[in-house]
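These notes concern the structure reproduced below.
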Amino acid sequence: LRKIFVLYLTGTPKHKLHYRKEVEMRTTLQEVLLYLIFLINLCILTFGMVNPHMYYLNKVMSSLFLDTSVHGEERINFKSIRSITDFWKFMEGPLLEGLYWDSWYNNKSLYDLKNSSRIYYENILLGVPRVRQLKVRNNTCKVHSSFQSLMNECYDKYTSENEDLSDFGLKYDTEWKYSAPIINSPWHWGFTGVYRNGGYIFTLSKSKSETLNKFINLRMNSWITRSTRVIFIDFSLYNANVNLFCVIRLVAEFPATGGILTSWQFYSVKLLRYVSYYDYFIASCEITFCIFLIVFTTQEVLKIKEFKSAYFKSSWNWLELLLLVLCFVAVFFNSYCNIQTSLLLGQLLKSTEKYSDFYFLAHWHIYYNNIIAITIFFAWIKIFKFISFNKTMSQLSSTLSRCINDIVGFAIMFFIIFFAYAQLGFLVFGSQVDDFSTFQNSIFTQFRIVLGDFNFAGIQQASRILGPIYFITFIFFVFFVLLNMFLAIINDTYSEVKADYSIGRRPDFELGKMIKKSYHNALEKLKLKKPETDEDKKSRKSRDLAEQARREGFDEKEIQSAEQMKKWKERLEKKYYSTEIQDDYQPVTQQEFRDLFLYAVELEKELHYVSLKLNRVMRKVSALQ
């Protein structure tokens, strides 16, 4: 009996298991600390790229060029342009007044202009603004035979195949002659088409009066025609106070249906990267980022060589690879932007009488900002890999991993119904309600309906019968049925995970305990805390376990019974535990046998209690099926 009992208590030597556990925890802790340093460095790098003044510069410029009304006609500003007449009023009014600031508010001359305009007295207008339009050819669409006697001209929507490349109008200046597009210039994605560079271009003058005369001449000679599909107004500013460039593009699209659709882009970017001491600190963070990237890449390559195809079976490894790819793309974008800025900036600033095309540089900087934003997003997501130090986060991770198959099945059913309603809404309300004007708009509108943001009056006005039917059935099936099914899947899986944790099925180790232990050891070494004795550790551990049991719903009687069993086990382990089993026979005393018997009885009670709980759970599962 003694030998059987000692075998039961010993198993694998405890000191070996403890050592292996300590090594694993120490390695994981080092990996966490290294990654946290990388994440902090990346956060400093990304926040160093963003300047709060970017928002205020964009806001003040948009207020000046978008919200300023035509003098004497308060309803006309750039946002409210609906006709060609409104467009010319804007060009000769708010645009002209916004671009040329040559005197103070008290009509005194500005100081030190150096042949440049100072918008809001602080922002230098770089070069001169540019205006260009794109046109389509006549007969790019076909007029029905019934209407050919009334209309013999037809101008389709803009495409690169339909674009008009011929000269028109007076034909003696650049605004009447087609200019070929630049190869490396980005295209513009508008409301009704994707527009390339080039077209019929003219630049404004340094003189306000000359520019006004130019506008009047173009208006009188019908520079805008029926074939016009889009007009771009481009110019760039630089604010030395905050070291920011503001690249502005105002767009007026002339769809084939008539009217005008306006849009705009305000890009505040920092093209001159390294000016202040803080900028050089950000440069050091960029170098550190590259060092981390090399280290992490080397680690992943070694893992792939070691585990081969098994490496790709883990979703965390795929996240690692995605993060590395994004980091390399971010480094490439950053290098390309810096090289292009150093090559082009000097050329763009040489001549103040020409248009300085900073849109290309701003476009690539926006791409770089987007890539680095996605990179830091996935960098934060990777922290979930190290959540075993927290019980709640570990439960969340286990819940999501267990119910992923159910969620995928539910998502298929959900999106079948969702897309069916989206197509119904697009076909029924698309011609009258802006939220359903395209199939993509219908999809996003339905997500907004789920969140409580909807325009029921517009739907009802578009169709008095189908509108309410669509709305009520969508709310019932999607909101009341499908979403509650989704919550039920999550809730049931979470209950299962919590039940497993309550009976001891939890991660092998908790990193939080390792961190806490290291923290206490450091305090003890610094003599800021008295060392704990073995008795103190046992009593503290016992109190922690009792408190955890109370939180999980156990009553005081069960807790006391468990504590008694623990005392019996510790007393028996202390007396009989040994890494080597001796062959000599030692008789068991009556008291020892009695303690062992009582311990076995208590174990039997606990097993019977667990069996009852399992039977109860199985009956519930059978009833659900």
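Based on what the data block shows, is Thr159 in contact (Cβ under 8 Å) with a residue 12 or more places away in the chain and under 37 Å from the mean Cα position of the chain (by Cα)?
Values: in contact (Cβ under 8 Å) with a residue 12 or more places away in the chain: yes; under 37 Å from the mean Cα position of the chain (by Cα): yes.
Considered against the rule, which asks whether it is in contact (Cβ under 8 Å) with a residue 12 or more places away in the chain and under 37 Å from the mean Cα position of the chain (by Cα), Thr159 comes out as yes.
Being assigned to a helix (DSSP H, G or I), modelled with pLDDT of 90 or more, in contact with a strand residue (DSSP E or B) (Cβ under 8 Å, 6 or more places away or on another chain) and more than 25 Å from Glu210 (Cβ to Cβ) is the requirement here; does Lys79 meet it? If you could, list the steps in order and put the result at the bottom.
On the way: assigned to a helix (DSSP H, G or I): yes; modelled with pLDDT of 90 or more: yes; in contact with a strand residue (DSSP E or B) (Cβ under 8 Å, 6 or more places away or on another chain): yes; more than 25 Å from Glu210 (Cβ to Cβ): yes.
Judged against the criteria, Lys79 is a match.
Among the listed residues Phe454, Phe471, Phe479, identify the single one that is modelled with pLDDT of 90 or more and either farther than 30 Å from Leu261 by Cβ or among the aromatic types (Phe, Trp, Tyr) (or both). Break it down into steps so the answer makes sense when it comes.
Working: Phe454 fails: modelled with pLDDT of 90 or more; Phe479 fails: modelled with pLDDT of 90 or more.
Exactly one residue qualifies, and that residue is Phe471.
How many of the residues making up region 184-219 are among the aliphatic types (A, V, I, L, M) and either in a helix (DSSP H, G or I) or open to solvent by 50 Å² or more (accessible area, probe 1.4 Å) (or both)?
The qualifying residues number 4.
Can you report the number of residues in region 262-311 which are within 30 Å of His188 (Cβ to Cβ) and among the small types (Gly, Ala, Ser)? Full working, then the answer.
So in region 262-311, the residues within 30 Å of His188 (Cβ to Cβ) come out as 262-273.
Among the residues that remain, those that are also among the small types (Gly, Ala, Ser) are: 263, 268.
The number of residues fulfilling the criteria is 2.
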*Considering residues of region 23-60 that are free of Cβ contacts under 8 Å to residues at least 12 places away in the same chain and among the polar types (S, T, N, Q) only, the residue least open to solvent (accessible area, probe 1.4 Å)*: Thr27
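Filter region 279-315 for residues that are among the aliphatic types (A, V, I, L, M) and closer than 16 Å to Leu34 by Cβ and give the result.
Of the residues in region 279-315, the ones among the aliphatic types (A, V, I, L, M) are 282-283, 287, 291, 293-295, 301-302, 304, 310.
Residues satisfying the conditions are Ile291, Leu293, Ile294, Val295, Leu302.
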*Across region 114-172, what is the total count of residues that are in a strand (DSSP E or B) and open to solvent by 40 Å² or more (accessible area, probe 1.4 Å)?*
2
*Within region 468-482, how many residues are open to solvent by 20 Å² or more (accessible area, probe 1.4 Å) and free of Cβ contacts under 8 Å to residues at least 60 places away in the same chain?*
10
*asked:* Just the residues that are more than 19 Å from Phe479 (Cβ to Cβ), open to solvent by less than 90 Å² (accessible area, probe 1.4 Å) and under 24 Å from the mean Cα position of the chain (by Cα), please, taken from region 419-467.
replied: Phe439, Asn441
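Could you identify the single residue in Trp176, Trp264 that is in contact with a strand residue (DSSP E or B) (Cβ under 9 Å, 6 or more places away or on another chain), open to solvent by 50 Å² or more (accessible area, probe 1.4 Å), of a type in the set (Phe, Trp, Tyr) and in the same structural domain as Phe78 (by the TED database)? Show your work before the answer.
On the way: Trp176 fails: open to solvent by 50 Å² or more (accessible area, probe 1.4 Å).
On inspection, the qualifying residue turns out to be Trp264.
Of all residues in region 612-623, how many are within 17 Å of Tyr501 (Cα to Cα) and open to solvent by less than 100 Å² (accessible area, probe 1.4 Å)? Steps first, please.
As a first pass, look at region 612-623 and keep what is within 17 Å of Tyr501 (Cα to Cα): 613-614, 617.
Next, only the ones that are open to solvent by less than 100 Å² (accessible area, probe 1.4 Å) stay: 613, 617.
Total satisfying the criteria: 2.
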*So which residues in region 82-102 are over 18 Å from Arg132 (Cα atoms), buried (at least 20 other Cβ atoms within 10 Å of the Cβ) and touching a residue at least 60 places away in the same chain (Cβ under 8 Å)?*
Tyr100
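Listed here are the residues, each with its yes/no results for (1) at pLDDT 90 or above; (2) closer than 23 Å to Tyr368 by Cβ; (3) assigned to a helix (DSSP H, G or I).
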{"residue": "Glu286", "(1), (2), (3)": "yes, yes, yes"}
{"residue": "Phe289", "(1), (2), (3)": "yes, yes, yes"}
{"residue": "Ile304", "(1), (2), (3)": "yes, no, yes"}
{"residue": "Asn317", "(1), (2), (3)": "no, no, yes"}
{"residue": "Glu320", "(1), (2), (3)": "yes, yes, yes"}
{"residue": "Leu345", "(1), (2), (3)": "no, yes, yes"}
{"residue": "Asp357", "(1), (2), (3)": "no, yes, no"}
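In region 222-258, what residues are in contact (Cβ under 8 Å) with a residue 12 or more places away in the chain and of a type in the set (S, T, N, Q)?
Within region 222-258, the subset in contact (Cβ under 8 Å) with a residue 12 or more places away in the chain is 222-256.
Scanning region 222-258 gives Ser222, Thr225, Ser227, Thr228, Ser236, Asn239, Asn241, Asn243.
The values are calculated or read from the model by the stated rules, or taken from the named source; none is laboratory data. Small disclaimer: the values here were computed from a predicted structure and weren't measured. Using ideal geometry, Cβ is built from the backbone for each residue, glycine included, and neighbour counts are taken over all protein chains shown. Only protein heavy atoms, including side chains, enter the accessible area calculation; ligands, DNA and RNA are left aside. Shrake-Rupley method; radii C 1.70, N 1.55, O 1.52, S 1.80 Å.
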